[in-house]
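We did not get these values from a lab; they are worked out from the coordinates using the rules stated. Fair warning: this is a prediction, and the values are worked out from it, not measured in the lab. As a convention, Cβ positions derive from the backbone with ideal geometry for all residues, glycine included, and neighbour counts pool all protein chains shown.
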Amino acid sequence: MKIIPITLVAFSFLACVISPVTFAHNNASSKHRTYLKGSGAETEPGKIVTQFHKAIKLGNKNKARYFLDDNVTIFEGGKVERSADEYANHHMLSDMKYAAKLYTEVLEHKVTLAGDMAYSVSRTRSTGQFKGSYINKEGMETMVLLKEGGKWKISHIHWSH
Amino acid sequence: MNKYIIALLTLVISFTSIAHDDNDHSNKDKKAITDIIASIKYGWENGDGMPFKQNFLDFKGARYIESGGQNKGLDSLVTHHVEPEKGAMGYMTLDFSDIEVHFEGEKKSFAWAIANTRFKAKLKKSDRELDKSGYQTFLFRKIDGEWKVVHSHSSGHDYKPKKEHQH
């Protein structure tokens, strides 16, 4: 009969220990990127960069696609995608799954404006569990943004790590 | 009637010469950019920092990214990579292909170029041969009439030949 109270106590103890850890892990991976002050993230093209990443993190395909120029060229993982639709229908989906599971810290970021053109360069560190493996990777990103018809769009992305 | 014909002809000739000037200008700029890319190839292959010093804009905050790592500033790129890497290789070739150049801005004073890359080398220490394919991004600004690289980003992976389509 003593087994039942002992089991209950053990379960309660485990629940107390595991819950905060799980919560903390979920909480970290659900956190959005925080951009550094003065990096240019607050500028119009800078906001496109931050909103694009937010849409990728949240798995919002239409919104992420909206920020891309139709003819965007994306270099990623040794592969190239030469239109927004090509990316949206292929690699974007795996990028969304990956981003949803990890916390990405922005280590460096700089947006440079030159009239109707801008470029964004950033260095990040992504950490967390993905497909059973612990990820701890530094990543580099270069983006070219162009303003056409009053709207900023991403025309080129180069990702590497 | 003749007045109208002359006016029309003048207008057509003016537009044609403006368009021709624009084309000339664009071709000249495109050649300047591809010449810089060719000099970068020469610089890497020969461990010569001079083409970088001549064509890269050295400024605080300059970032030159190579396959996941970055060089802060021109000096870091030249002294930590360009010059020593050649010394560590028995041979080294770097090829840029399918170069696309885009000019932006009202004065066309900004350009970005993308290219495919192929890097082959042999490490002196281990005799290991490297064969990598990848991509390159260059960002340029025209400063005092000269194009300067303000940012570069390259990434590469072990070369895998494309599988032939089998019927």
Using each residue's phi in the stretch B:82-92, evaluate 6.51 cos²θ - 1.76 cosθ + 1.60 at θ = phi - 60° and report the 3J(HN,Hα) Karplus result to the nearest Hz, with x for Gly and Pro. 4, 6, x, 5, 4, x, 8, 10, x, 9, 7
Give the distance, in whole Å, between the Cα centre of the stretch B:123-152 and the Cα centre of the stretch A:54-81. 24 Å
From phi via Karplus (6.51, -1.76, 1.60), per-residue ³J(HN,Hα) for the stretch A:51-57 in Hz, x at Gly/Pro: 5, 4, 5, 5, 5, 5, 4
List the residues whose amide H sits under 5 Å from the amide H of A:LEU68, counting only those 5 or more places along or on another chain, with H placed 1.01 Å from N in the peptide plane. A:ILE154
Other protein chain Cβ atoms within 10 Å, averaged over every residue that makes up A:144-151: 2
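Taking only the C-alpha atoms, wrap a convex hull around the stretch A:33-160 and report its volume per residue in Å³ as a whole number.
Here the figure is 93 Å³ per residue.
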Any residue on another chain or 5+ positions along whose placed amide H is under 5 Å from the amide H of A:PHE130 is listed here as A:ILE135
Report ³J(HN,Hα) in whole Hz for each residue of the stretch B:105-113, in order, from the Karplus equation J = 6.51 cos²θ - 1.76 cosθ + 1.60 where θ = phi - 60°; Gly and Pro get x. x, 4, 9, 6, 9, 10, 9, 10, 10
Trypsin sites (Lys or Arg not before Pro) within the stretch A:50-159: which are DSSP loop residues with at most 12 other Cβ atoms inside 10 Å? A:ARG82, A:LYS131
Signed unit charges on C-beta, dipole axis of the stretch B:2-158, positive-most listed residue B:MET92, B:MET50, B:ALA115: B:MET50
Rg and Dmax [Cα atoms of the stretch B:2-158; Å; Rg one decimal, Dmax integer]: 20.3, 81
Report the relative contact order of the stretch A:33-160, percent, no decimals, based on alpha-carbon pairs under 8 angstrom and at least 6 residues apart. 26 percent
